[in-house]
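Take a look at the structure below.
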Amino acid sequence: MDFKSAKELLALCQQEQCPISEIMRRRECVLGETARDTVDHRMERVLEIMRDSATQPIKHPTQSMGGLIGGEAKKVSAHASRGKMICGDVLGKAIIYAIAVLEVNASMGLIVAAPTAGSAGVVPGVLLALQDCYKISDNRLLDALFNTGAVGYLAMRNATVAGAVGGCQAEIGVAAAMAASAATELMGGTPEQCLDAASTVLMNMLGLVCDPVGGLVEYPCQNRNASGVANALVAAELSLSGVRQLIPFDEMLETMYTVGRRIPIELRETALGGCAITPSACERCGQCH
């Protein structure tokens with residue numbers, strides 16, 4: 001059940017007549033010589049951690065270690081409760097959950113790197129929002145997580161998920177690609193549509209730099225997790241509508257990696273360029289804990 005590319009993954013889906021999530025689940029069982037129940041139990045723990053990290057800061061905000069973020073999820077949640085959310089229910093909830101996870105991460109709480117700590121809010125943000133709005137069961141959410149795992153695995157195998165190597169397009173971009181693919185499967189999309197959605201995300205986020213203020217995974221990382229869920233939902237919507245992606249996921253992944261390696265070192269997680277060197281950011285860094 002192993003696959004090295006999106007093309008091979010789609011071939012397996014066609015051969016076995018099953019979705020991406022099931023191929024990934026079988027791969028984990030076969031290669032890990034692990035029973036299906038055990039694999040599912042591990043993913044249940046992943047979902048539990050994701051849900052906790054996405055909801056706790058809404059009621060109990062926590063200041064980040066660097067002091068740059070803290071309390072944003074509660075503010076956006078309160079804004080939504082007053083009926084002033086212009087994004088709609090799904091995107092609104094996804095934003096809240098995504099930025100909440102970054103608050104937990106930045107305060108040294110427990111999160112699931114999906115695929116990295118700095119992009120950990122995108123996948124739970126999208127999936128938990130869809131669950132809330134469409135009454136999706138936890139079992140189906142577990143399937144979606146296996147789908148995200150397949151996309152993340154391809155990115156790690158064939159490109160990178162590290163901001164220091166490929167910029168933020170490799171972190172938030174891949175996280176959003178994972179979320180878009182999973183959302184597409186959750187809402188009834190085919191494996192081809194899932195990977196079309198993932199490819200669209202990478203195309204739309206191509207060239208995004210990594211420029212953390214003070215070198216901390218706090219700002220603008222939190223805001224970019226919110227933008228990541230928006231990109232994921234847009235890509236899923238397009239794909240589910242029948243809009244095809246001209247460039248296959250394998251090619252877009254290679255393109256993202258090539259572009260990432262060409263991004264100047266100052267814009268690859270070093271805090272030597274971009275947002276990190278603006279006067280306001282530098283002034284605030286002098287006040288970091």
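The values are calculated or read from the model by the stated rules, or taken from the named source; none is laboratory data. A quick note: this is a predicted structure, and the numbers were derived from the prediction, not measured. Here Cβ is always computed from backbone atoms with ideal geometry, including for glycine, and neighbour counts include all displayed protein chains. Heads up: the accessible areas ignore ligands, DNA and RNA and are worked out on the full protein's heavy atoms, side chains in. Shrake-Rupley method; radii C 1.70, N 1.55, O 1.52, S 1.80 Å.
Of all residues in the stretch 52-84, those being in contact (Cβ under 8 Å) with a residue 40 or more places away in the chain and open to solvent by 70 Å² or more (accessible area, probe 1.4 Å) number 3. Picking from residues in the stretch 99-112 that are open to solvent by less than 60 Å² (accessible area, probe 1.4 Å) and farther than 11 Å from GLN56 by Cα, the one that is farthest from the chain's Cα centre (by Cα) is SER107.
Let's see how each residue does on (1) among the aromatic types (Phe, Trp, Tyr); (2) open to solvent by less than 10 Å² (accessible area, probe 1.4 Å); (3) touching a Phe, Trp or Tyr at 6+ places or on another chain (Cβ under 7 Å); (4) in a helix (DSSP H, G or I):
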{"position": "ILE86", "(1), (2), (3), (4)": "no, no, no, no"}
{"position": "GLY92", "(1), (2), (3), (4)": "no, yes, no, yes"}
{"position": "TYR97", "(1), (2), (3), (4)": "yes, no, no, yes"}
{"position": "PRO124", "(1), (2), (3), (4)": "no, yes, yes, yes"}
{"position": "ALA129", "(1), (2), (3), (4)": "no, yes, yes, yes"}
{"position": "ASP132", "(1), (2), (3), (4)": "no, no, no, yes"}
{"position": "ARG140", "(1), (2), (3), (4)": "no, no, no, yes"}
{"position": "ASP143", "(1), (2), (3), (4)": "no, no, no, yes"}
{"position": "VAL151", "(1), (2), (3), (4)": "no, yes, no, yes"}
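The residue pairs whose first member lies in the stretch 250-277 and is at positive phi, whose second member is of a type in the set (Val, Ile, Thr), and whose beta carbons are closer than 8 Å, counting only pairs six or more residues apart or on different chains, are ALA271/VAL213; ALA271/ILE277; GLY274/VAL209. For the stretch 69-81, the criterion of being of a type in the set (Gly, Ala, Ser), modelled with pLDDT of 95 or more and part of a loop (DSSP other than H, G, I, E, B) is met by at least one residue.
For the stretch 5-25, state whether one or more residues are part of a loop (DSSP other than H, G, I, E, B) and of a type in the set (S, T, N, Q). Checked the stretch 5-25: at least one residue is part of a loop (DSSP other than H, G, I, E, B) and of a type in the set (S, T, N, Q). Among the residues making up the stretch 183-208, a single one is under 22 Å from GLY166 (Cβ atoms), in contact with an Asp or Glu (Cβ under 9 Å, 6 or more places away or on another chain) and open to solvent by 10 Å² or more (accessible area, probe 1.4 Å): LEU208.
Whenever a residue of the stretch 31-48 is under 17 Å from GLY125 (Cα atoms), its partners that are of a type outside the set (A, V, I, L, M) and at pLDDT 95 or above, lying with C-beta atoms within less than 8 angstrom and at least six residues away or across chains, give the pairs MET43/PHE146; GLU44/ASP138; LEU47/ASP138.
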